[in-house]
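So the structure is just underneath, and the comments pick up after that.
The values are calculated or read from the model by the stated rules, or taken from the named source; none is laboratory data. Treat the numbers as computed from the prediction; the structure is a model and nothing was measured. Cβ atoms come from the backbone with ideal geometry, glycine included; neighbour counts cover every protein chain shown.
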């Protein structure tokens, strides 16, 4: 509902939709990043780097950030599927980018009137959305499992 309100206030442009989706999803990425950084900074290699004389920013950029980037990028990849669904839902409801931009949600919405005679106008964009979301989720799960196997092999 909040997304619809913001789009109604600022207009359904591509920039507004992108900003609305980013603002809706950034807290999850921020919380995860913060928790991972807090875990990493307590590890022995960070203490060893500090003992060797590295300053806080140097420890952060050389040691902590490389160990945090992979898990955070996996979550961002999984949030991409959620962003596609959000944009499609907003477009379906008529709050997405207006013409000449073609969106899957608006294609489905426009095709509803012809569903009895031309079922493919609704079915094919719906299948593409479903395949994209499932594919991105499977890719993210596969990458997550691969990184877990790597960590298990190192330990």
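Annotations
- In the set (1) out of contact with any helix residue (DSSP H, G or I) (no Cβ under 6 Å at 6 or more places or on another chain); (2) outside any helix (DSSP H, G or I); (3) surrounded by 13 or more Cβ atoms within 10 Å (Cβ to Cβ), residue 60 fails one condition alone, (2).
- Residues of the range 27-57 satisfying the condition of being part of a helix (DSSP H, G or I) and surrounded by 13 or more Cβ atoms within 10 Å (Cβ to Cβ): 28, 29, 32, 33, 36, 37, 40, 41, 46, 49, 50
- Being modelled with pLDDT under 85 and not in a helix (DSSP H, G or I) is a condition met by at least one residue of the range 141-155.
- Against the criterion of being surrounded by fewer than 16 Cβ atoms within 10 Å (Cβ to Cβ) and in a helix (DSSP H, G or I), residue 131 qualifies.
- Among the residues of the range 109-127, those identified as under 26 Å from residue 76 (Cβ atoms) and surrounded by 13 or more Cβ atoms within 10 Å (Cβ to Cβ) are 125, 126.
- Residues within the range 69-108 that are surrounded by fewer than 19 Cβ atoms within 10 Å (Cβ to Cβ), in a loop (DSSP other than H, G, I, E, B) and in contact with a helix residue (DSSP H, G or I) (Cβ under 9 Å, 6 or more places away or on another chain), tallied: 5
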